[in-house]
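Below is one structure, written out as structure tokens, with a few remarks after it.
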Amino acid sequence: MLVGGPGQFAVAACETVHWLQKNVASTNNMAAVLLNSLDSGDQLALNENIQTVCIDEIVGRRMARLHGLTVTGSIGVLLRAWRAGYNIMMRDALDRMRNSGIWLSARVVNFALAQAGEHPEIQST
């Protein structure tokens with residue numbers, strides 16, 4: 001997350017939570033295809049045998065799964081925090097993500113809202 005700089009979306013919030021494991025060291029003792037397909041955080045997960053990683057990019061998800069990692073995305077992290085009892089208004093969190101330029105499909109938004117017990121958005125046809 002820090003590759004884009006400390007002012008990027010959600011960096012400050014992620015740095016303050018205690019339930020999210022954060023690692024900063026990385027070694028690049030892996031195949032070139034992995035170095036070119038995974039970002040530094042994903043590379044670290046493989047190097048350190050971290051079992052669950054948060055990846056939103058399709059290529060990174062595929063590569064992580066091919067190497068035996070369990071993958072979740074931003075929405076999965078939000079839902080996990082919500083289930084753990086953190087005071088998260090899912091619709092507000094999703095709106096902040098979208099307002100920050102993060103694209104979320106209607107299917108993913110409605111799934112997250114339903115899981116959090118909030119009314120799904122109405123889709124126009």
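Every read-out reported here was derived from the displayed coordinates using simple, explicitly stated rules and does not represent laboratory data. This is a predicted model, so every value here is computed, not measured. When we count neighbours, we look across all protein chains shown, and the Cβ atoms used for this are built from the backbone with ideal geometry, even at glycine.
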What net charge do the residues around Met90 carry, taking every other residue with its C-beta under 13 Å from that of Met90, with Lys and Arg at +1 and Asp and Glu at -1? +1
Can you compute the charge dipole magnitude of segment 75-115 about its Cα centre, using +1 on each Lys and Arg Cβ and -1 on each Asp and Glu Cβ, nothing else charged? Give it in debye, rounded to the nearest 20. 80
